[in-house]
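J.: The structure is given below, and queries will be raised subsequently.
Nothing in this text is a laboratory measurement; each read-out follows from the coordinates by a stated rule. Since this is a predicted model, take the numbers as computed values, not measurements. Glycine gets a Cβ as well: all are built from the backbone with ideal geometry, and neighbour counts include every protein chain shown.
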Amino acid sequence: MTITQQAELILIDVYVQPGAKVSQVCGKHGERLKLKISSPPVGGKANQEVIEFFAQTLNLPKRLIEIVSGDKSRNKRVAIYDNSQTVLNILRKLNDE
């Protein structure tokens with residue numbers, strides 16, 4: 001499972017493919033959510049777009065989303081500091097697509 005709920009946050013494991021035409025979820029890569037990102041992996045641009053993608057998708061401020069591991073890797077762990085049922089339902093729907 002790619003989603004882990006903890007007391008104050010939700011962790012989601014993602015596989016990021018930078019340089020795509022459009023930023024979108026496109027299934028799974030192993031046990032991770034596969035995310036295509038339009039930014040290149042240069043100067044942290046792809047990481048910033050991952051944060052912006054989740055902020056927009058979950059309708060949350062960017063300050064509530066952080067990449068906690070995999071900063072220089074395609075395999076990343078993203079922390080979402082909002083464990084509401086609404087956010088969890090959206091993430092589960094993305095995970096099931």
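J.: Taking only Cα atoms and a 10 Å spring cutoff, compute GNM fluctuations for the chain and point out the largest among GLU66, GLU31, GLU52.
T.: GLU31
J.: Let me ask something else. Need one number: convex hull volume per residue for the chain, Cα atoms only, in Å³.
T.: 84
J.: If you don't mind, there's one more thing I want to ask. I need the phi-derived Karplus couplings for segment 38-52: 6.51 cos²θ - 1.76 cosθ + 1.60, θ = phi - 60°, integer Hz, Gly and Pro marked x.
T.: Result, rounded to whole Hz: 7, 6, x, x, 10, x, x, 5, 5, 4, 5, 5, 4, 4, 5.
J.: Of ASN59, ASN83, GLY70, which is farthest towards the positive pole of segment 20-97's charge dipole, taken about the Cα centre with +1 and -1 on the beta-carbons of Lys, Arg and Asp, Glu respectively?
T.: GLY70
J.: A follow-up question, please. To the nearest 20 debye, what charge dipole does the chain have about its Cα centre, counting +1 at the Cβ of each Lys and Arg and -1 at the Cβ of each Asp and Glu?
T.: Dipole magnitude for the chain comes out near 340 debye.
J.: Among GLN5, ILE37, VAL50, whose Cα lies farthest out toward the positive end of the dipole of the chain, if unit charges sit on the beta carbon of Lys, Arg (+1) and Asp, Glu (-1)?
T.: Value: ILE37.
J.: To continue, here is another question. Can you compute the helix-only [θ] at 222 nm over the chain? Use -39500 (n - 2.57) per DSSP H run of at least 4 residues, normalise by all residues, nearest 500 deg cm²/dmol.
T.: Working: 2 runs with 26 residues, N = 97.
Per the formula, -8500 deg cm²/dmol.
J.: With contacts defined as alpha carbon pairs under 8 Å and 6 or more residues apart, what's the relative contact order of the chain in percent? Could the numbers behind the result be given before it?
T.: On the way: 179 pairs, mean separation 29.7, N = 97.
RCO, the chain: 31 percent.
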